[in-house]
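Structure, as structure tokens:
The values are calculated or read from the model by the stated rules, or taken from the named source; none is laboratory data. Because the structure is a prediction, the values reported are computed rather than measured. All Cβ positions, even for glycine, are placed from backbone atoms using ideal geometry, and neighbour counts span all protein chains on display.
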Amino acid sequence: MWGKGSAARRLCLAIASLSMSLGGQPGALGASQADRTKPGEPSDPKARKTFAEAVDWRKRGFIAIAVESYRKANKQDNGNCAECLTRAFQLAQQIGDFKTAENVARDWLQQAKNDSDRATAHFNLALALQRQGIAEKKEKCLSESCDEFNTALQLDPAFVGVHLALGVSKAYLHRDDEARAEFKAFIDEDKSSSTGRVPAEQSLDRAELARAERYLDRIELARARMAPPFEITSLDGRHISMDNLAGKVVLIDFWATWCGPCREALPRIRKIAQMYEGQPFVVLSVSLDSDEAKWRDFVAKNEMTWLQYRDGGFKGPLATLFAINAIPATFSIDADGVLEDQHVGDADIEGKLKKMIAHAREAQNKLAAPAGGQSSINTTNR
């Protein structure tokens, strides 16, 4: 029913678990578009109609309704819609409805027809239980997530990414030695892929690998609210990732040219960027504009000389990773990768950043001291 699917897709599902333009009425897709069935989507006519409605609800920002519509479409398709459950699960995780995500994963488990599908279902169930346990401080959920992760591994020992997620659950349970063992196993998977013992298509995400290495070195970071790993290419062609930003303080501002409050906050963002220029500090403005030309023109006219990236909308990869449902939205990431919500208008934001930057500078100086020079984090041109 489901098909094996790639390890990369599975790992992407885990990352996505860690958004919305205005549209017309639900189900407003044209007939020719609705008639085309893509792999994994429902084939039953009623289910396809409900699926189209779910897509539209999601576009319009009614995420909870979209989740239920996707689940309904799967039932109408007699449990054959893999894409329905995938989307329902991801959206439920995104909006923090972890109980619904758990229920979706249990639906998935009941419909799985082979060990590969069952492994994926157990993995998704474990993710939902883990997020629920972290959010609600429930050790029972975290313990159950460990059981589900282990079941996924038993069903599919080559399941990429399980060791990292399992390590996080064990770290939250303060089973630190066991957590370190899982992070090491995740890193060893990458070594296996580089030597050919693991298929190339199962090679690990670089950002996730860097995260595992940091968890192994400092287990307490596995219990912190960490920034999701990402990789982008900025407007000026620089390759930016959480890996090459490590050791710096990052201020990420989600905005758009059509957002009035965003434009009002621009002078403050500019001031902050100028104030800490030359420090271990980066400002990254992420635009949700769909019109690239308009975005480029606005950036140039307003002399936004710090890092710029266009995500394209609420469904963009960064907006999805950071669960952006409204803008402006601003986050700080400290030198250890710990994520915190910020408000540019707050009087104390500069003081917070100043302390984080001082900590980052101190850490850099300690690393540079043995060599007698300053360390640097580079962003490279592609």
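Does S332 count as of a type in the set (S, T, Y), over 19 Å from P229 (Cβ atoms) and not in a loop (DSSP other than H, G, I, E, B)? Give the derivation first.
Numbers: of a type in the set (S, T, Y): yes; over 19 Å from P229 (Cβ atoms): no; not in a loop (DSSP other than H, G, I, E, B): yes.
In short, no.
Are there any helices (runs of 4 or more DSSP H) wholly within the range 40-134 with 3 or more residues that are under 23 Å from V160 (Cα atoms) and touching a helix residue (DSSP H, G or I) at 6+ places or on another chain (Cβ under 7 Å), and if so which? Show your work before the answer.
Details: elements: 45-59, 63-76, 82-94, 98-111.
Filter on the range 40-134 gives 82-94, 98-111.
So Y70 fits all but one of (1) closer than 28 Å to E189 by Cβ; (2) modelled with pLDDT of 95 or more; (3) surrounded by 21 or more Cβ atoms within 10 Å (Cβ to Cβ); (4) of a type outside the set (A, V, I, L, M, F, W, C); what number is the exception?
For Y70, the failing item is (1).
Quick check on the range 291-300. Is at least one of its residues out of contact with any Asp or Glu (no Cβ under 6 Å at 6 or more places or on another chain) and within 28 Å of G96 (Cα to Cα)? First the steps, then the outcome.
Going through the range 291-300, the residues out of contact with any Asp or Glu (no Cβ under 6 Å at 6 or more places or on another chain) turn out to be 291-294, 296-300.
Still in the running and within 28 Å of G96 (Cα to Cα): none.
Checked against the condition, which is being out of contact with any Asp or Glu (no Cβ under 6 Å at 6 or more places or on another chain) and within 28 Å of G96 (Cα to Cα), the range 291-300 yields no hits at all.
Every residue, every condition in (1) under 20 Å from R225 (Cβ atoms); (2) among the small types (G, A, S), yes or no:
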{"position": "I134", "(1), (2)": "yes, no"}
{"position": "E139", "(1), (2)": "yes, no"}
{"position": "Q154", "(1), (2)": "no, no"}
{"position": "A165", "(1), (2)": "yes, yes"}
{"position": "F183", "(1), (2)": "yes, no"}
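Pick out, from the range 162-253, the helices (runs of 4 or more DSSP H) lying fully within it that include 3 or more residues that are modelled with pLDDT of 85 or more and in contact with a Leu (Cβ under 7 Å, 6 or more places away or on another chain). Before the answer, list the steps.
Numbers: elements: 162-172, 176-194, 206-217.
Where helices (runs of 4 or more DSSP H) fall fully within the range 162-253 and carry at least 3 residues being modelled with pLDDT of 85 or more and in contact with a Leu (Cβ under 7 Å, 6 or more places away or on another chain), they are 162-172, 176-194.
So, D56, is that one more than 20 Å from the chain's Cα centre (by Cα), within 30 Å of L288 (Cα to Cα) and of a type in the set (D, E) or not? Walk me through it before giving the result.
Values: more than 20 Å from the chain's Cα centre (by Cα): yes; within 30 Å of L288 (Cα to Cα): yes; of a type in the set (D, E): yes.
Yes.
Scan the range 168-176 and tell me whether some residue there is within 20 Å of E68 (Cα to Cα) and in contact with an Asp or Glu (Cβ under 8 Å, 6 or more places away or on another chain). Outline the logic, then answer.
Within the range 168-176, the first condition is being within 20 Å of E68 (Cα to Cα), and the residues that meet it are none.
Within the range 168-176, not a single residue is within 20 Å of E68 (Cα to Cα) and in contact with an Asp or Glu (Cβ under 8 Å, 6 or more places away or on another chain).
Which of the following residues is on the phi > 0 side of the Ramachandran plot and not aliphatic (A, V, I, L, M): G337, G316, G260? Give the derivation first.
On the way: G316 fails: on the phi > 0 side of the Ramachandran plot; G260 fails: on the phi > 0 side of the Ramachandran plot.
When all the criteria are applied, what remains is G337.
How do the pairs read when you match residues in the range 290-304 that are assigned by TED's automatic domain parsing to the domain that holds P317 and farther than 17 Å from G316 by Cβ with residues anywhere that are surrounded by 12 or more Cβ atoms within 10 Å (Cβ to Cβ) and hydrophobic (A, V, I, L, M, F, W, C), using Cβ under 7 Å and keeping only pairs 6 or more apart or on different chains?
N302/L266
For the range 49-65, what are the residues that are surrounded by fewer than 21 Cβ atoms within 10 Å (Cβ to Cβ) and of a type in the set (K, R)?
K49, K59, R60
Do we find that F298 is surrounded by 14 or more Cβ atoms within 10 Å (Cβ to Cβ) and within 30 Å of R87 (Cβ to Cβ) in this structure?
No: the conditions fail for F298.
Return the residue satisfying two criteria in turn: it lies in the range 277-290 and is out of contact with any Asp or Glu (no Cβ under 9 Å at 6 or more places or on another chain) and in a loop (DSSP other than H, G, I, E, B), and of such residues it is farthest from K355 (Cα to Cα).
Residue satisfying both the conditions and the ranking: S290.
Which of the residues that make up the range 103-130 are surrounded by fewer than 24 Cβ atoms within 10 Å (Cβ to Cβ) and within 24 Å of A54 (Cα to Cα)? Break it down stepwise before answering.
Of the residues in the range 103-130, the ones surrounded by fewer than 24 Cβ atoms within 10 Å (Cβ to Cβ) are 103, 106-107, 109-119.
N103, R106, D107, L109, Q110, Q111, A112, D117 - these are the residues of the range 103-130 that are surrounded by fewer than 24 Cβ atoms within 10 Å (Cβ to Cβ) and within 24 Å of A54 (Cα to Cα).
Go through the range 109-128 and give me each residue that's among the hydrophobic types (A, V, I, L, M, F, W, C) and either under 17 Å from K99 (Cα atoms) or outside the structural domain of L153 (by TED's automatic domain parsing) (or both).
Initially, the range 109-128 is screened for residues among the hydrophobic types (A, V, I, L, M, F, W, C), giving 109, 112, 119, 121, 123, 125-128.
Answer for the range 109-128, where residues must be among the hydrophobic types (A, V, I, L, M, F, W, C) and either under 17 Å from K99 (Cα atoms) or outside the structural domain of L153 (by TED's automatic domain parsing) (or both): L109, A121, F123, L125, A126, L127, A128.
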